[in-house]
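Let me begin by presenting the structure, written as structure tokens, before commenting on it.
Just so you know, all these numbers are worked out from the coordinates, no wet-lab data involved. These numbers were taken from a predicted model, which means no experiment stands behind them. When we count neighbours, we look across all protein chains shown, and the Cβ atoms used for this are built from the backbone with ideal geometry, even at glycine.
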Amino acid sequence: MWARASPDATARRGCAGHTGGPKLESEHEEAATNTHWRQWTDPADVYARGRALRAKVDHALHRDVSPTQGRPTMTEFVKASAAGRIPALMPLRTRKMLASPFSFFRGAAGLMAHDLADDPTSGITAQLCGDAHAANLGFYGRGDGEIVMDFNDFDETVPGPWEWDLKRLATSLVLAGRAGGVSEKGCREAVADTVRSYRTVVGLLAEQPFLDSWYALGDRSVLAGVDTGDLVDEIAMATAKARKNTSAKAAAKWTRREGNGDWRFVPDPPTLSAVDAATADAVVGGLDDYADTLPDSLHELINRYTVCDVAFRIVGTGSVGLRNYLILLRGNGDEPLILQVKQVIPSALGPHLPKAPPAGHDGERVVRGARLVQADTDVLLGWTAIEGRHFIVRQFRNRKGKIDPETLDREDLDDYGRLAGALLARAHARSLDARLLAGYCTDGEGLDDSMLAYALAYADVTERDYAELGAAVKRGELATE
């Protein structure tokens, strides 16, 4: 039981010694904005610096796909990605990646980063989502119960070129559209509108007061000016479903009361399985350090709960093979709370960035990145270490929902792309100066065309990689069972 944790402990171990999140710096001296307290910077000067960067790195330079030297084979890539994962689950990961080229893409963020490494960039750095594909956009609940839409998976988050996120999003829309039977023309329109929406929202945020742009949310503000067309019905249905997706609902489905009063998960192999006592003790033992990464008020809140059970749950395509635990906690009366304790490993983007991210706790990297990118994060999001491995901790089924981009028709894919582009712009504007990026993106029709050319070409690369993965399995180089 979590009651073993000392309630009298006053040290905040998770905060001691931390120096805060990474400072984001431009790769060009011209892009660095003056942050001196006593010197105000004219917005026109910031826009001008962005336009100067455009003169050095023209929009047309973003169109070409040029994989770097030493690109791994698919067998080499899959085997390398097994580092830190449970070996027995790697065949499942390969099988999930073979579901479609889009599914392959979802599990290949590191491969794309390898291919992006030598691409020209503007030199403007953002806190990247890191895996900004269309299926990583979803709904979740704010602390006040409102449902917002945002990017919601930050395992790969690191500071890096903003173009990397936009190229990944654009390519994912082509692959999702092709998987859903959308015509090539429809995919092209969706990507073009996505990039245009990104540029438009960057421009709008650049003109807003800093506080207004900082707190722009996915439920209003930014989205008010985005034409979501017929997708509004899909959004309404997904939001309604998300409101019901709570710990109470999950507990009703996956738990039971024993005759002696114990409250347990019901195993449902292979997705949900029991863990041994030693593993359960280790997971529960990590909760003290996790609690210390929360604000003091929430530290007091989480300590009111008592652990009832721990289970292992297999997670999605990109994370298959990582350790992922669910903790069932009991609160006031029969109140259930389910926490997800998810292993994280170093970002697959890190080795391919112009400036390698500093080493440290990868759970802290993910949490700090999410807090910077999202306008509103899960109030119980934190990090811990268990048996020397790094984990994030968050609410499970925190009123989460999503729209599957592979099921969208041509018109809805276009609407979805505009929404995704707007949300990515809002995410980036929290870690870079939107005025600087707006200056770079001015007269951006050429940027739209270049990003479209890149997305179409890289979608073709991904489809070839997907076919090569299938061939490697047939040759017996990789297992799926």
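Numbers below:
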| read-out | value |
| --- | --- |
| Segments 174-185, 78-89, 96-107 sorted - mean Cβ within 10 Å per residue, highest first | 96-107, 174-185, 78-89 |
| Around VAL78: net Lys/Arg minus Asp/Glu count, Cβ-Cβ under 10 Å | 0 |
| Charge dipole (debye, nearest 20) of the chain; +1 at Cβ of Lys and Arg, -1 at Cβ of Asp and Glu | 1140 debye |
| Selected from TYR458, VAL310, GLY186, residue furthest toward positive end of dipole (the chain; charges at beta carbon) | VAL310 |
| Sequence ranges 383-391, 247-255, 427-435, ranked by mean other-Cβ count within 10 angstrom, highest first | 427-435, 383-391, 247-255 |
| Ranking of THR462, THR171 by count of other Cβ atoms within 10 Å, fewest first | THR462, THR171 |
| Distance violations [Cα-Cα > 22 Å] among LYS185/LYS402; LYS96/LYS402; LYS79/LYS167; LYS342/LYS474; LYS249/LYS342; LYS244/LYS402 | LYS185/LYS402; LYS79/LYS167; LYS342/LYS474 |
| Degrees between helix 362-373 axis and first principal axis of the chain (Cα, 0 to 90, nearest 10) | 50 degrees |
| Protection proxy ranking of 156-169, 305-318 - average other beta-carbon atoms within 10 Å, highest first | 156-169, 305-318 |
| Cα centroid separation, region 417-481 to region 135-154 (Å) | 21 Å |
| Rounded to 10°, Cα long-axis angle of helix 43-56 versus longest principal axis of the chain | 70 degrees |
| Over region 270-335, relative contact order from alpha-carbon pairs under 8 Å, at least 6 apart, % | 35 percent |
| Nearest 10 degrees, 0 to 90: helix 162-179 Cα axis against the chain principal axis | 80 degrees |
